[in-house]
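The values are calculated or read from the model by the stated rules, or taken from the named source; none is laboratory data. Remember, predicted model here, so these are calculated numbers, not experimental data. Cβ placement follows ideal geometry from the backbone for every residue including glycine, while neighbour counts extend to all protein chains displayed.
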Amino acid sequence: MAVRRSSKASATPRPGRAVRGSTSGRPIMALLDLLGRRWALRVLWELHEAGALGFADLQARSAGISPSVLSQRLKDLAAAGLVVAGENGRYMPGRDAEQLARILLDLDTWATRWGRRVS
């Protein structure tokens, strides 16, 4: 697979492109880069829990996130299909977000068991 380099260091991670920490272009590396960005998992979690939230409500539920960071995370997650901006100004989980949430909850279960073993 030919790997394209992104012209912007902070561009939304995409499969087939170099991302932070990897030039392989592998989809898993793009996903890990996206999810590893500040507040990305928190934004996804709040939308998973609430279903749909306006910008101010999402910012309040993610106490400590700045408006500029929230705006960028929403753009990144929307570009990846994980968040959808509704016509009513509310954000909701995108098509792939529910399946990703189930996978992350399974990963959390695994991490809890692992944490007990290594503590």
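Checked against (1) under 27 Å from Arg17 (Cβ atoms); (2) surrounded by 13 or more Cβ atoms within 10 Å (Cβ to Cβ), Arg95 passes all but a single condition, namely (2).
For segment 20-55, filtering for residues that are more than 25 Å from Leu105 (Cα to Cα), among the β-branched types (Val, Ile, Thr) and surrounded by 13 or more Cβ atoms within 10 Å (Cβ to Cβ) leaves 0.
If you check Ala79, Ala60, which single one turns out to be surrounded by fewer than 18 Cβ atoms within 10 Å (Cβ to Cβ), out of contact with any Leu (no Cβ under 8 Å at 6 or more places or on another chain) and touching a residue at least 60 places away in the same chain (Cβ under 8 Å)?
Details: Ala60 fails: touching a residue at least 60 places away in the same chain (Cβ under 8 Å).
Unique residue meeting the criteria: Ala79.
Of the candidates Arg117, Arg14, Arg73, the single residue that is buried (at least 17 other Cβ atoms within 10 Å of the Cβ), among the basic types (Lys, Arg) and at pLDDT 95 or above is Arg73.
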